[in-house]
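Novice: Got a structure for you, written out below as structure tokens; questions coming shortly.
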Amino acid sequence: MGVAIRRARQEDREIVARLLDEAFLEDPVTLWLFPDEADRRAKNATMMVAFLDQTLHDGRVDMTEDGAAAALWIWVPTGHPCDEDGPALIRQAVDPGNERIELVGRLVDAAHPRRRAHEYLQLVAVAPDRQGEGLGGALIRATLDRCDRERQPVYLEASTERSRGLYERLGFMDMGYTLVLPDGPAMWPMWRDPQ
């Protein structure tokens, strides 16, 4: 499949932010974070912009040339410490009264492996009307190919059974535990050694 992929630039910020908001508006974790639809529509975009800005600053954002899909990657060095302040800062930026935002951040951070340096796929988003075309897989494969050449592992958390299946087809393995949000959905930490 010939999908044109490039690194996102600062001038792509608005396009990628809109894509992330649309793609994650009905994600199980987002639904749990913001159960009220009006609240979710008002605050999900702010949360996605916070993740995007962090990645534009500290990592890499890949996108399809047509802006229909994007992947947010962060390099994590060996022994990277827990981010004590990050979850609280995201909560303050997005919705100070919403403890669930900070809880998810702390659970994800505590589960994050630290024994080996790796690429971290923080988010991959495909426009809702373009899902099922292989765009997300193409974006991920491009980085996996590089990681394989450089002998680097990759880590992520799947938030749906559908995405979990995609990641398994790409060589990711469940890490043997599940992150379960209180009265909410599960997330599956997954690891991929270089192949």
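Novice: Looking at this structure, is A138 crowded, with 16+ Cβ neighbours inside 10 Å, touching a helix residue (DSSP H, G or I) at 6+ places or on another chain (Cβ under 9 Å), of a type in the set (G, A, S) and within 24 Å of I5 (Cα to Cα)?
Specialist: Here the answer is no, as A138 does not meet what is asked.
Novice: Another question about this same structure. Given the range 1-74, what helices (runs of 4 or more DSSP H) lie entirely inside it while holding 2 or more residues that are of a type in the set (G, A, S)?
Specialist: Passing ranges, in order: 13-24, 37-58.
Novice: When the residues of the range 56-66 are filtered to those that are under 22 Å from L156 (Cβ atoms) and in contact (Cβ under 8 Å) with a residue 12 or more places away in the chain, which remaining residue is surrounded by the fewest Cβ atoms within 10 Å (Cβ to Cβ)?
Specialist: Looking at the filtered set, the residue picked out is D58.
Novice: Name the residue, out of T78, T46, that is over 18 Å from the mean Cα position of the chain (by Cα) and either β-branched (V, I, T) or surrounded by 15 or more Cβ atoms within 10 Å (Cβ to Cβ) (or both).
Specialist: T78 is the lone residue from the list that is over 18 Å from the mean Cα position of the chain (by Cα) and either β-branched (V, I, T) or surrounded by 15 or more Cβ atoms within 10 Å (Cβ to Cβ) (or both).
Novice: Based on this model, can you work out whether Y177 counts as surrounded by fewer than 18 Cβ atoms within 10 Å (Cβ to Cβ) and among the hydroxyl-bearing types (S, T, Y)?
Specialist: Criteria met by Y177.
Novice: Here is a further query. Which one of the conditions (1) in a loop (DSSP other than H, G, I, E, B); (2) of a type outside the set (D, E, K, R); (3) without any contact (Cβ under 8 Å) to a residue 12 or more places away in the chain does C82 fail to meet, given that it meets all the rest?
Specialist: (3) is the only condition that C82 fails.
Novice: Separate question: Given (1) surrounded by fewer than 20 Cβ atoms within 10 Å (Cβ to Cβ); (2) under 26 Å from T143 (Cα atoms), identify the lone condition not met by P96.
Specialist: So P96 meets the others, but not (2).
Throughout, read-outs are computed from the coordinates displayed, never taken from laboratory work. Bear in mind that the values here come from a model prediction, so they are computed numbers and not experimental data. Note that we place each Cβ from the backbone using ideal geometry, even for glycine, and neighbour counts take in every protein chain shown.
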